[in-house]
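Report on one structure; see the data block that follows.
All of the numbers you see were taken from the coordinates with simple rules; none came from a lab. The structure displayed is predicted, hence computed values, not measured ones. Here the Cβ is made from the backbone with ideal geometry for all residues, glycine too, and neighbour counts use every protein chain on show.
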Amino acid sequence: MPPKLTLDKRLTQQHADLLIKSGIAITPSGAEQLDIACIEGTIVALGALTGTWTADTELDARGLHILPGVIDSQVHFREPGLTHKEDLETGTRGAVLGGVTGIFEMPNTNPLTLWPDDLHAKLDAAKGRAWCNYAFYMGGSAVNADQLHTLEKMHGCAGIKVFMGSSFGDLLTDDDTVLRRILANGHRRMAVHAEDEARLRERKAIVEASRDVRQHAIWRDVESALKATQRIVNLAIEAERRLHLLHVSTADEMVFLVRHKRYVSVEVTPHHLTLCAPECYEQLGSLAQMNPPVREKRHQDALWEAVRNGLVDVICSDHAPHTLEEKAQPYPNSPSGMTGVQTLLPTMLNHVNSGRLTLQRLVDLTSAGPARIFGIAGKGRIALGYDADLTLVDLSAKRRIENNWIASRSGWTPYDGMEVTGWPIHTVIHGQGVMIDEALVGKPIGQPIQFLEIPSKALSDV
Ligand SMILES: NC(=O)N[C@@H](CC(=O)O)C(=O)O
């Protein structure tokens, strides 16, 4: 074990609230066997601490890997307005059971999150009910475009989200004039769902005629995604702004994005990395229906290549629950979306075990990446002075993902029945175990996520 390192040399107390013993921590310098002492929610000592430190609670991490807490920066938790699908309590419960310690929630609720009162309502609703930490996106649209610079700085705001193509909910901003206003007024890195609305409308007849979910990726085709991505990146360059492109799903976009990397950060999702068309539609029907769609292997291979070569910055679930009844409506009336926050880490650990990416790279994509891209204060790495949000996983645990494990009010996962190797065992938030030995403990202790100072001109300052 490396020698003991403490946050403050004068720290003579050597009594922690929580002492995590003998786990293999994934730190910025690699995998190291360490003890971790936490006081008041902060990592205060790292190294060989056994013998010198005492603690209120000790957690034996022998045989486990300790990751900085997983941050899922794209989930839909449906509160207010759609709580028969999910709410902030059930959504964050699923997060913690899946090893996730922080989430950013999307604005396509009812009402939409567009104004200070909408954000305050979500923050109030999360207080005492959220199992993990949280922040909320504001929707960017024609009605609030000119106020975004104020809205995006509000406490608890994760940033601005723009839907360029219509998906679930009533938030659509596809007009270049409005997009220009949004880009001129918001200064934080804006998150974009890029599908071209005009092309989606032109092609909707394809699915209205066939009513076959296998046509989903043909209707919302590669060109729909590429066209919107090219448009918004060009508008961002004109406005000297950086963008965060959500759930990039095509090889063609990745080729384009390589040439514009300095303007964009890139998200991919476990479902695009795990499921493949056409098999997923044959096996799962509308349960595999998602926007942008799950596509053929050629695209999946390109996403993996982009994960490997560093083009991808974050992996997020885009957790988008709908009930099984809603999903059973005949396509295309079935809503797009699937659960994912609880399966994000198990599916990705399984990919680590099959050699598709290293654990270090996974940490970069699920902890360090979100912290870097969004400027999250005090999170994203295991280091002295950082928040004690930690995810402890057993890389060799074999489990079967099943619907009855899913905490989401919608009660299902597209991965029902899938065997995986690698599983979250303990979730620690603010130095307190909220999942211990795979079971929820204590009470919801999630807090609003804080952000570093927001730059006034994204390109020069970030
Ligand atoms: N991803 C989806 O297919 N659905 C999302 C909306 C969205 O992000 O497009 C939802 O809120 O249901």
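Summary of computed values
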{"item": "Spatial separation of Cα centroids for the range 7-64 and the range 240-275, in angstrom", "result": "37 Å"}
{"item": "Degrees, to the nearest 10: 197-210 long Cα axis against longest axis of the chain", "result": "80 degrees"}
{"item": "Cα gyration tensor category, rounded, prolate or oblate, for the range 69-374 with a/c compared to 1.5", "result": "rounded"}
{"item": "Local electrostatic count, GLU305, Cβ distance below 14 Å [Lys/Arg +1, Asp/Glu -1]", "result": "+2"}
{"item": "5 angstrom amide H check on ASN133, placed H, neighbours 5+ away", "result": "GLY102, ILE103, GLN447"}
{"item": "Which listed pairs, of LYS122/LYS327; LYS204/LYS261; LYS161/LYS327; LYS297/LYS398; LYS122/LYS443, have C-alpha distances above 29 Å, in listed order", "result": "LYS204/LYS261"}
{"item": "Cβ crowding within 10 Å averaged over residues, with 305-311, 371-377, 340-346 ranked highest first", "result": "340-346, 371-377, 305-311"}
{"item": "Theoretical FRET efficiency, 1/(1+(r/R0)^6), r = Cβ-Cβ of ASN333 and ASP416, R0 35 Å, to 0.05", "result": "0.95"}
{"item": "The chain: angle of helix 88-97 to the longest principal axis, Cα-based, in degrees nearest 10", "result": "60 degrees"}
{"item": "Residue-averaged [θ]222 nm for the chain, counting only DSSP H segments that reach four residues, each worth -39500 (n - 2.57)", "result": "-8000 deg cm²/dmol"}
{"item": "Helix 222-239 vs. the chain, principal-axis angle (Cα, 0 to 90°, nearest 10)", "result": "70 degrees"}
